[in-house]
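Enquirer: Take this structure, written in structure tokens, and hold onto it; I'll ask about it next.
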There are 4 protein chains.
Amino acid sequence: MPSSTKKTRVAIIGATGYTALELIRILLRHPHVEITVATTRQEDAPQLSEIHPSLRNRIDLACTLLNPQEIAQAADVAFTCLPHTASMEAIPKLLAENVKVIDLSADYRLVDPEVYEQWYGHVHTDPTRLGTIVYGLPELYADQIPGQDLVANPGCYTSTSILGLAPLLCGGHIDPVGICIDGKSGVSGAGRSPKMITLFPECNESVMAYSVGNHRHTPEIDQVLSDVSGKEVEVVFTPHLIPMDRGLQCSMYARASSDASEKEMLEVMRKFYENKPFIRVIEALPRTKDVAHTNFCDMTVRVSRGTVQVFSVLDNLIKGASGVAVQNFNLMCGYDETTGLLP
Amino acid sequence: MPSSTKKTRVAIIGATGYTALELIRILLRHPHVEITVATTRQEDAPQLSEIHPSLRNRIDLACTLLNPQEIAQAADVAFTCLPHTASMEAIPKLLAENVKVIDLSADYRLVDPEVYEQWYGHVHTDPTRLGTIVYGLPELYADQIPGQDLVANPGCYTSTSILGLAPLLCGGHIDPVGICIDGKSGVSGAGRSPKMITLFPECNESVMAYSVGNHRHTPEIDQVLSDVSGKEVEVVFTPHLIPMDRGLQCSMYARASSDASEKEMLEVMRKFYENKPFIRVIEALPRTKDVAHTNFCDMTVRVSRGTVQVFSVLDNLIKGASGVAVQNFNLMCGYDETTGLLP
Amino acid sequence: MPSSTKKTRVAIIGATGYTALELIRILLRHPHVEITVATTRQEDAPQLSEIHPSLRNRIDLACTLLNPQEIAQAADVAFTCLPHTASMEAIPKLLAENVKVIDLSADYRLVDPEVYEQWYGHVHTDPTRLGTIVYGLPELYADQIPGQDLVANPGCYTSTSILGLAPLLCGGHIDPVGICIDGKSGVSGAGRSPKMITLFPECNESVMAYSVGNHRHTPEIDQVLSDVSGKEVEVVFTPHLIPMDRGLQCSMYARASSDASEKEMLEVMRKFYENKPFIRVIEALPRTKDVAHTNFCDMTVRVSRGTVQVFSVLDNLIKGASGVAVQNFNLMCGYDETTGLLP
Amino acid sequence: MPSSTKKTRVAIIGATGYTALELIRILLRHPHVEITVATTRQEDAPQLSEIHPSLRNRIDLACTLLNPQEIAQAADVAFTCLPHTASMEAIPKLLAENVKVIDLSADYRLVDPEVYEQWYGHVHTDPTRLGTIVYGLPELYADQIPGQDLVANPGCYTSTSILGLAPLLCGGHIDPVGICIDGKSGVSGAGRSPKMITLFPECNESVMAYSVGNHRHTPEIDQVLSDVSGKEVEVVFTPHLIPMDRGLQCSMYARASSDASEKEMLEVMRKFYENKPFIRVIEALPRTKDVAHTNFCDMTVRVSRGTVQVFSVLDNLIKGASGVAVQNFNLMCGYDETTGLLP
């Protein structure tokens, strides 16, 4: 572990959104971190607390424009909270300047540039690096993350789904074909840019499915579940927008492929996540409220009429984005995985 | 059609809850109805507007205790908004007094008294009548409802699911086995009795599945879908509580059993509901907001990776309870099906 | 009253927002109205149901661009739901074509063009007409509305405040100086244009005051209260945004200027609104839920430590905008004031 | 400061409610605290994580019944989260056993037993101690808190009001007579016991004033503001329930009693709270969202038409209850005031 006296200097690239705010809040609690850079596209160098009023008196830092050289001088590690395509433009430059990167965008999550192009509608501009990048889901890839220069932080629906399904899929208890994932997310997952669909009077008192059949987390779920289970997995993923700020719940439906009882399946899940500090395998049906503002992912399993149902919940901004990013940061930098995240 | 000058006198049996309130609101708009009786278990004869302040200046009626003879003198038709078991105690007495009944409880929905006992934990006390009662889903059983003395009004999740699945199931486009129904309901569906689980700070900013594997709407869905399709249907039904007052959405997952395209399946749905005034088969993904405070059920279909997904929404208090009750009332009494419900 | 066989043809000018949607919903219930025109700035002539999906199957009407001559051929009366300044540009042309107008903007509410300029930052372009226009608060000006060609529909906070304060002010029971109005509004009052401040994750789980000291409803409240009471009234009006779709509540604080008891003041309010079908003076503290989706305004009074507190609530989209607009329409056209609005 | 190696052992008396949960969350972060006791009235010794599922894996502690001797053996300090009257029964016993107490109930806040009886409807059973107890609002009484055995933790509305008004009242800039306080609170402030009024479908999409003229925080505000200002203060306090989990906002209206400008008044507030780590005097209008889940109280001032308006916000469960309790604990025990509360 690095000396505790010298702090790691951290840059927040793209500091305007909800994910960045949550990241800053966590890092302010992290004993080994100093936030030295925050960037926006706003030219007038706003204070972080002007963009995020909740940070008043908490941090005194003026935002700058994204300049890789300047970032490299001021920071050791960068968290990139940029939209896709903007990330793959900035990251190679940051890496060239020896800045380590945790990328919260989707740009380095998929291994196949063609799959990227198909789902994102853009040619990947850094295809050779793609596929060499560790997928930053520490519960599955913790041993590969230490020492990396770049980690691809997973999507929020992705983490919720994969964490819930991996144990039973790897254990051979569910059929890899025809898994249906019904995801429900709070509105903060849709970002902070004004859009009619996320106006309060549009999404309050309402629920709807969206992006059915074409949500970009689909290939990510397929890829990682196939990788960890060694089976060809193709999920049907269906997200829903529900009227709450934060929280993400997945109810997942799969055909049973073993005779294991519900109790045995629960035990499989418990064993799979033994010693994983942020996974809580429980008997009760999990609710998002109990993981809100934490880095926990709660989950359970039910078997009913030949169908295995896995239920998992997390806070989309923390375990679904910024919390897991700090978990990755800790592993990359040699800190204890839970630093800044517990209690 | 009955003479428009003489109004049908209506009793609301169990007037305290959200369903009763919504029913009264609709009936106040109904040109052929006069509400003459409202009952509660409160002994002090409260005015309806004391129980439901929104009814102030709208109706001047003091509640009475449930007395079948008195009800028969004052009313032609009764809507029973009682808990299960209370309904099957009261209804035989009302029928004996020649009062027609629309029952909003679950007591007369299932045809088999053993299934009732298994799911509700009570011996059915009126088993011979059970199984002779028409299931009050007018889109499926409209021709059987006129002239009935008792109609069993369907459950809210039940209507949403059945209406969405019936066309494709009857048309042979989806496999009757392994259908998964992921339902999301607003909190008014849980009733007006104080419980910790429905306190605002418990269910706001949260989502959770509940009653997994044992929700009582399950056998009702099985029974009706089997009846209309002629196939043995056994669904996996999973309800969720989400932080909104009203609205109910079902995302339903079934294996395709035909080669029909998404467009063709949509056409099957459209044809199935041709001339049904309260069903809107649409191309867009439906949201509960667009049916709130109406008797509409909106639905659509998607096909993705061999899975057929049907999405349907309705207002749980109206099309899911009191609106369809008035539809049934209209059909029983010979009024136009839409009276009081449109626009 | 006009012949009930011939319907009044109505145009909705500016049909995109929440107010227009609510107006259309009410007018669809109005037995003497046919909606023949709806305008937007969108050039592709969208169907009303594309803009407002809840209107599917309810109305078959393609939107047009605003053209006064064409509107005059197709409609007898226009409801203008335009932003301020756009209204005062369109309305003189509509009036010149003999189209009657109910204006839901602020352009014709103030009598003094200089006050308009001061609060709205624009020179009024129709100053001679200003000041001749009846203020469309039927509870105060009902006798002046019949026969008018143009009525200025009041603001939502304005109606709530004025209706609550007028009885006691006119009766001499409260001091006209130093009245503080603390208003709380649901987010639909802020309109349907995407803005960061009205995004769900910004205003959910939050409350804040806004526009303190400069909200444009202030001079409107001053003007009308001064007019009806004959006293110089200058209020301190402070609006708040709270996390709900619809509903508006005002708590108003004034110094008592008479010895009247709370009970006597309540009686003053009751008498003032005798025979007013949409005002409910009650003993309990009113809540917005009980007036939601209705044209009612509920109110009560409390006296505490020398301060008179008036509490009033209404639905900002109905009694605060579109419902009162239809009340005005009814009075202008000679229909019963409550047509389409009750029950 | 006490040795950092030996932790202070803490008891949570009455661990079932929202306040206790929040307190436990904060104390789990406190480096010098070990929670050794939690009590409930449930006889079956439930684990804390059964009562509060969010605490799973966070704390392993079975609840016990309240037994002062046993508590004294296991704990140095007790936080009493009991209802009023239960607190004044338990606290003398705890003090007799040399357990220090921070009382989150109202039982020791008022100095005059007659005022207590008048507002709470109970004779105070520990009247001699009453009046010797420090009021635990550290921003005003920090120098009196160290070394105390019992501190009376303030009410949530009380803190919000007093913190906002104290600077201008003490500075002579507002009239002590006729101050109106319009408070808005999230529903968690109403507690976790099931009541119809706090059911989700009752308070969602609604706002209402409650307890007008008789809310029990009124005499507390009067007493403390009179004490700190040396003037006879009698406020008109009006609370409102709004549909959110947590957050409390007060808009306060007072007559100006000096010629100070808005800017000067802001400066008075800034100076008054110089070096107070949890008060943020700002220029913008504060919103509860920006203090949610923190121990901050944000405030500002506006002057309009001779009326001074002070706006203050805090999180009712933290700065309004459990956060300030930990502030008091820190001061009583000699820890830094911010320990466990920042960042």
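The values are calculated or read from the model by the stated rules, or taken from the named source; none is laboratory data. Here the structure is a predicted model, which is why all the values come from computation and not from measurement. All Cβ positions, glycine included, derive from the backbone under ideal geometry; neighbour counts span all protein chains shown. With ligands, DNA and RNA removed, areas are computed over all heavy atoms of the protein, side chains included. Shrake-Rupley method; radii C 1.70, N 1.55, O 1.52, S 1.80 Å.
Enquirer: Taking a label point 7 Å from the Cα of residue D:28 along the Cα→Cβ vector, which residues of segment A:264-307 have an amide N closer than 16 Å to it?
Expert: A:276-282, A:287-299
Enquirer: Can you list the residues in segment A:23-68 whose accessible area drops by at least 50 Å² when all protein chains are present, compared with the chain alone? Use a 1.4 Å probe, heavy atoms only.
Expert: Residues meeting the cut-off: A:29, A:54, A:56, A:58.
Enquirer: Solvent-accessible area per residue for segment B:157-316 at a 1.4 Å probe radius, Å²?
Expert: That works out to 28 Å² per residue.
Enquirer: Separate question: Averaged across orientations, what area in nm² does the convex hull of the alpha carbons in the protein assembly as shown project?
Expert: Mean projected area for the protein assembly as shown: 50.4 nm², to one decimal.
Enquirer: Right, here's the next one. Taking 35 Å as R0, compute the FRET efficiency from the Cβ-Cβ separation of residue C:149 and residue C:177 and round it to 0.05.
Expert: Working from the Cβ atoms, E equals 0.45.
Enquirer: Oh, and also: Taking the Cα atoms of segment C:157-316 alone, what are Rg (to one decimal) and Dmax (as a whole number) in Å?
Expert: Computed over the Cα atoms of segment C:157-316, radius of gyration and Dmax are 15.6, 49 Å.
Enquirer: Next question. So how tilted is helix B:18-29 from the main axis of chain B? Cα-based, degrees 0 to 90, rounded to 10.
Expert: Between the helix axis and the principal axis of chain B, the angle is about 70 degrees.
Enquirer: Would you mind checking the tilt of helix D:262-272 against the longest principal axis of the Cα atoms of chain D, expressed as 0 to 90 degrees and rounded to 10?
Expert: So the helix axis and the longest Cα principal axis differ by about 30 degrees.
Enquirer: Could you pull the Rg and Dmax for chain A, using just the Cα atoms, both in Å?
Expert: Reported Rg and Dmax, both Å: 19.6, 63.
Enquirer: Ordered by residue, what ³J(HN,Hα) values in Hz, to whole numbers, does segment B:33-40 give under the Karplus form 6.51 cos²θ - 1.76 cosθ + 1.60, where θ = phi - 60° and Gly and Pro are x?
Expert: Result, ordered by residue: 10, 10, 7, 10, 9, 9, 10, 9 Hz.
Enquirer: Another question, then. Report, largest value first, the span of the C-alpha coordinates of segment C:1-134 along each principal axis, in whole Å.
Expert: 46, 35, 24
Enquirer: Could you run the Debye sum over the Cα atoms of segment B:173-239, one equal point scatterer each and no solvent, and tell me log10 of I(q)/I(0) at q = 0.15, 0.21, 0.23 Å⁻¹, two decimals?
Expert: Relative scattering, expressed as log10 I(q)/I(0), comes to -0.59, -0.89, -0.99.
Enquirer: Can you tell me the length gained on complete extension of the stretch residue D:336 to residue D:232, counting 0.36 nm per residue apart and subtracting the Cα distance?
Expert: Working: separation 104, 0.36 × 104 = 37.44 nm, distance 3.40 nm.
Length gained, residue D:336 through residue D:232: 34.0 nm.
Enquirer: I've got another one for you. Treating only the Cβ atoms of Lys and Arg (+1) and Asp and Glu (-1) as charged, compute the dipole magnitude of segment A:157-316 about its Cα centre; round to the nearest 20 debye.
Expert: Result for segment A:157-316 is approximately 280 debye, rounded to the nearest 20.
Enquirer: Suppose a student asked you for the relative contact order of segment A:50-154, using Cα pairs under 8 Å spaced at least 6 residues apart; what percent would you report?
Expert: Relative contact order of segment A:50-154: 24 percent.
Enquirer: What does the copy distance list look like for residue A:132, label position 7 Å along Cα→Cβ, in nm and ordered from shortest?
Expert: 7.6, 8.0, 8.1
Enquirer: With the other protein chains left in place, how much accessible area per residue, in square angstrom, belongs to segment B:1-120 at a 1.4 angstrom probe?
Expert: Value for segment B:1-120: 43 Å² per residue.
Enquirer: Rounded to whole Å, how close does chain C get to the rotation axis onto A by Cβ? Give me the residue too, please?
Expert: That would be C:194, 2.
Enquirer: Let me ask something additional. So if R0 is 35 Å, what FRET efficiency would residue B:7 and residue D:196 give, r being the distance between their Cβ atoms, rounded to the nearest 0.05?
Expert: That pair, residue B:7 with residue D:196, gives E of 0.60.
Enquirer: What FRET efficiency would be calculated for the residue pair residue A:211, residue A:45, taking the C-beta separation as r and a Förster radius of 30 Å, to the nearest 0.05? List each step's numbers first, then the result.
Expert: Details: r = 36 Å, r/R0 = 1.20.
So, using R0 = 30 Å, E works out to roughly 0.25.
Enquirer: Moving on to the next point. Restricting to bridges with both residues inside the protein assembly as shown, how much of the DSSP beta-bridge set is antiparallel, in percent to the nearest 5?
Expert: Roughly 50 percent of the beta bridges in the protein assembly as shown run antiparallel, per DSSP.
Enquirer: Can you list, shortest first and in nm, the gaps between the label point of residue C:113 and those of its counterparts in the other copies, using a point 7 Å from Cα in the C-beta direction?
Expert: With the label placed 7 Å along Cα→Cβ, residue C:113 yields 6.7, 7.4, 8.5 nm.
Enquirer: Tell me, what ³J(HN,Hα) does each residue in segment C:162-176 have, in order and in whole Hz, if you take phi through Karplus 6.51 cos²θ - 1.76 cosθ + 1.60 with θ = phi - 60° and put x for Gly and Pro?
Expert: 5, 4, x, 8, 3, x, 6, 5, 5, x, x, 9, 10, 6, x
Enquirer: Another question, then. Take the cross-link list A:289/D:289; D:6/D:319; B:100/B:231; D:184/D:289 and give me the ones stretching past 21 Å between alpha-carbons.
Expert: D:6/D:319; B:100/B:231
Enquirer: Keeping all protein chains in position, work out how much accessible area residue D:157 exposes to a 1.4 Å probe, and write it in Å² to the nearest 10.
Expert: Here the residue's solvent-accessible area equals roughly 0 Å².
Enquirer: Right, another one. When the helix-only estimate is applied to the protein assembly as shown (DSSP H runs of n ≥ 4, each -39,500 (n - 2.57), divided by the residue count), what is the mean residue ellipticity at 222 nm, nearest 500 deg cm²/dmol?
Expert: Result for the protein assembly as shown, helices only: -8500 deg cm²/dmol.
Enquirer: Shifting gears a bit: Distances over 22 Å make up what percent of all Cα-Cα pairs in segment B:130-231? Could the numbers behind the result be given before it?
Expert: On the way: 2190 of 5151 pairs.
Summing the P(r) tail past 22 Å for segment B:130-231 gives 43 percent.
Enquirer: Moving to a separate point now. For A:288, C:85, give me the order by solvent-accessible area with a 1.4 Å probe, most accessible first, ignoring ligands, DNA and RNA.
Expert: C:85, A:288
Enquirer: Taking the Cβ of residue C:298 as the center, what net charge do the other residues with Cβ under 9 Å away carry, scoring Lys and Arg +1 and Asp and Glu -1? Mind dumping the intermediate values first?
Expert: Details: positive: B:56, C:280, C:287; negative: C:290.
Around residue C:298, the charge tally is +2.
Enquirer: Per residue and in cubic angstrom, what volume does the convex hull of the Cα atoms of segment C:247-316 have?
Expert: Convex hull of Cα atoms, per residue: 79 Å³.
Enquirer: Let me ask something else about it. Which percent of the Cα-Cα distances in segment A:77-143 go past 16 Å?
Expert: When all Cα pairs of segment A:77-143 are counted, 45 percent exceed 16 Å.
Enquirer: Next question, about the same structure. Only bridges with both residues in segment A:130-283 count here: give the DSSP antiparallel percent, nearest 5.
Expert: Within segment A:130-283, antiparallel bridges account for around 50 percent of the total.
Enquirer: Further, regarding this structure: State, as an integer percentage, the relative contact order of segment D:196-241 based on alpha-carbon contacts under 8 Å between residues 6 or more apart.
Expert: Worked out over segment D:196-241, it gives 47 percent.
Enquirer: Okay, next question. Along Cα-to-Cβ, 7 Å out, sits the label point; list in nm, shortest first, how far the one on residue C:305 is from those in the other copies.
Expert: Once sorted, the set of distances for residue C:305 reads 2.2, 6.1, 6.3 nm.
Enquirer: Then there's this: Among B:175, A:44, A:245, what's the order by accessible area (1.4 angstrom probe), most exposed first?
Expert: The ordering from most to least exposed comes out as A:44, B:175, A:245.
Enquirer: How big is the C-B contact in terms of buried accessible area, both chains counted, 1.4 Å probe, rounded to the nearest 100 Å²?
Expert: Approximately 2100 Å² gets buried when C meets B.
Enquirer: Roll a 1.4 angstrom probe over the protein heavy atoms and tell me the percent of accessible area of the protein assembly as shown that is carbon or sulfur.
Expert: It is 48 percent, rounded to a whole number.
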